[in-house]
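Below is one structure, written out as structure tokens; the observations come after it.
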Amino acid sequence: MTHLQAGLSPETIEKARLELNENPDVLHQDIQQVRDMIITRPDIGFLRTDDAFILRFLRARKFHQADAFRLLAQYFQYRQLNLDMFKNFKADDPGIKRALIDGFPGVLENRDHYGRKILLLFAANWDQSRNSFTDILRAILLSLEVLIEDPELQINGFILIIDWSNFSFKQASKLTPSILKLAIEGLQDSFPARFGGVHFVNQPWYIHALYTLIKPFLKDKTRKRIFLHGNNLNSLHQLIHPEFLPSEFGGTLPPYDMGTWARTLLGPDYSDENDYTHTSYNAMHVRHTSSNLERECSPKPMKRSQSVVEAGTLKHEDKGENENTQPLLALD
């Protein structure tokens, strides 16, 4: 085991070997071969090329070096092409801060039975007068940047659950093909994370229509990991066990506290009742902001999911519901 695998559990090291082709004996050579490819793209500014950073791209592409370099190049190219998105890319940026406080994204404290981190999005909480879609995307990308520092998550990956309860047609009309494409490029094509599944819950018909719009932008591998459950939580629980889910998704955990992840990034001074102040977050260099900004970012009451069921209870599939509840494709 090299120092790059320090801190990993023996089970995770074995998983990396079996699933990702990670070999500690040639780890440094694999990294160096990716680094040597940088000269082939003089048009891109590779702002970080240390071993630990390159390793996450190798893990995301199962140690296929050419694919890992392509992802590395796309990571920096995406940032070059969208400079405004990554200006002041910190938790104390006003737009990112508002999105975090409003629960975009939610991040469960515990991991699932595969060691994956579970991210939540309650779509109806999107107040379009308060948060732009771009700021929500920035908050999600920033959150992933923080989470991916954990080598265990580089190997085990992530799960995303989107609850579409009470998401109106008016809200959906703001999800234009161009901004959806921006999100897909940022998450699917340019970020070194392993997504084990994207789960839609309680989606209305117009979300199916949106999926049709974005489908051409999705890779086959991504499409295989998208599941549309409708209100059939039984099919969700077949993939994510109820003991790892909050009650909004029929799980045995308490309802999700929207401030959980925001408190992690904004610091111990985060308060649900008082103005928000935050202390430094080392990885993101969070800075103090003015009291005016704190008042501007104070949270609004959150809508709650309509999928809440009694803890441990499953919703059963109704006849005629198959089209809504079945996964689009099975997982690999």
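List, in the order given, every pair from Lys181/Lys215; Lys97/Lys219; Lys170/Lys224; Lys15/Lys62; Lys62/Lys87; Lys87/Lys219 whose Cα-Cα distance in the structure shown is over 21 Å. Numbers along the way, then the final one.
Values: Lys181/Lys215 10 Å; Lys97/Lys219 31 Å; Lys170/Lys224 29 Å; Lys15/Lys62 11 Å; Lys62/Lys87 31 Å; Lys87/Lys219 29 Å.
In this structure, Lys97/Lys219; Lys170/Lys224; Lys62/Lys87; Lys87/Lys219 lie more than 21 Å apart at Cα.
When the alpha carbon gyration tensor of the stretch 10-68 is reduced to an equivalent ellipsoid, its three semi-axes come out at 23, 10, 10 angstrom, largest first.
Carbon-plus-sulfur accessible fraction, the stretch 94-173 (probe radius 1.4 Å, protein heavy atoms only): 53%. What's the percent breakdown of Cα-Cα distances in the stretch 35-86 across 10 Å bins, shortest bin first? Over the stretch 35-86, the share of Cα pairs per 10 Å bin runs 25, 57, 18, 0 percent.
Note that the stretch 184-191 has calculated 3J(HN,Hα) couplings of 5, 5, x, 9, 7, 9, 9, 10 Hz, one per residue in order, obtained from phi through the Karplus relation 6.51 cos²θ - 1.76 cosθ + 1.60 (θ = phi - 60°); glycine and proline are x. Per-residue extension of 0.36 nm, minus the Cα-Cα distance of Glu14 and Leu180, leaves a gain of 56.1 nm for this segment. Computed over protein heavy atoms with a 1.4 Å probe, the accessible surface of the stretch 155-211 works out to 34 Å² per residue.
Quote to one decimal, in nm, the extra length available between His241 and Leu81 on full extension: 0.36 nm per residue of separation minus the C-alpha distance between them.
Length difference between fully extended and current span is 53.6 nm.
Oblate is the label for the stretch 1-144. Its Cα gyration tensor axes, ordered a ≥ b ≥ c, give a/c of at least 1.5 and b/c at or above a/b. Shape analysis of the stretch 119-241 yields a ratio of the Cα radius of gyration to the Kirkwood radius, Rg/Rh, of 0.94.
The values are calculated or read from the model by the stated rules, or taken from the named source; none is laboratory data. Keep in mind it's a predicted model, so treat the numbers as computed, not measured. Areas reflect the complete protein model, heavy atoms only, side chains present, ligands, DNA and RNA absent. Shrake-Rupley method; radii C 1.70, N 1.55, O 1.52, S 1.80 Å.
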